[in-house]
Each structure stands twice: as C-alpha cells, then as structure tokens.
Amino acid sequence: MAFEFTDANFQETALNSTQPVLVDFWAEWCGPCRMVGPVVEEIAQEMSGKALVGKLDVDSNPQVATQYGIRSIPTLLVFKNGQVVEKQVGVVPKQNLVALLEAHMG
C-alpha cells in the first residue's frame with residue numbers, strides 16, 4: 001500500500017529516506033489523480049523494500065505542496081537524499097514512473 005505523506009511526517013519520511021522516494025501530489029476532486037492513484041499503489045507494492053512510494057493530499061497538506069511549488073496535479077516527484085531528482089506532471093504510463101524511480105536505485 002502507498003505510504004501517506006503529510007506536512008507533519010514529510011521531512012522525517014521522504015527527505016530522510018535512505019531509499020529513493022516517489023511522491024504523488026494529488027487531491028480527492030482531481031480526475032486525472034484518480035487515474036494515477038491505482039498505478040502508484042501498484043508501484044508501491046512492487047517496489048516495497050527498494051523504494052518508498054506514497055501520496056500526499058495537497059488539500060490536507062498545503063505546506064509541503066507549496067514548498068515544492070506544486071501548481072498542477074497530479075505531480076509526481078522523485079526524491080533521493082532529500083533532493084528532488086525527477087518531476088513528472090500529469091498522467092503517464094506506469095512504466096514511465098517505474099523508469100523514473102529505477103534510474104535512482106542502487
């Protein structure tokens with residue numbers, strides 16, 4: 001299951017992770033986000049133990065969304081060592097997201 005990132009846990013979980021991190025910035029009312037959501041869940045299961053994959057609801061957690069300049073959703077960011085290393089905006093095929101993440105593994 002995808003991890004639930006929040007303003008409160010983001011620093012500790014996403015930025016301090018020793019693994020690459022994929023964060024899906026989304027909102028309940030966003031149609032394209034609902035298309036990406038199940039894909040993010042699948043990647044979370046498949047990459048378990050190799051990467052941290054999760055979602056951040058921008059309506060409930062505006063602080064992190066603002067910090068990273070999230071203007072349109074879905075936006076997916078890949079973090080490595082606390083830094084943004086990849087950014088993908090909009091709906092893309094699952095293999096594209098997996099490739100973004102795998103580029104920063106091992």
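Every number here is computed from the coordinates shown, using simple stated rules; none is lab data. Being a predicted model, the structure only gives us computed values, none of them experimental. No Cβ is skipped: glycine too gets one built from the backbone with ideal geometry, and neighbour counts run over all protein chains shown.
Scanning region 57-97 for residues that are in a helix (DSSP H, G or I) and touching a strand residue (DSSP E or B) at 6+ places or on another chain (Cβ under 9 Å), which turns out surrounded by the fewest Cβ atoms within 10 Å (Cβ to Cβ)? So the residue we want is 96. The sole residue among 22, 15 that is touching a strand residue (DSSP E or B) at 6+ places or on another chain (Cβ under 8 Å), in contact (Cβ under 8 Å) with a residue 40 or more places away in the chain and exposed (fewer than 15 other Cβ atoms within 10 Å of the Cβ) is 15.
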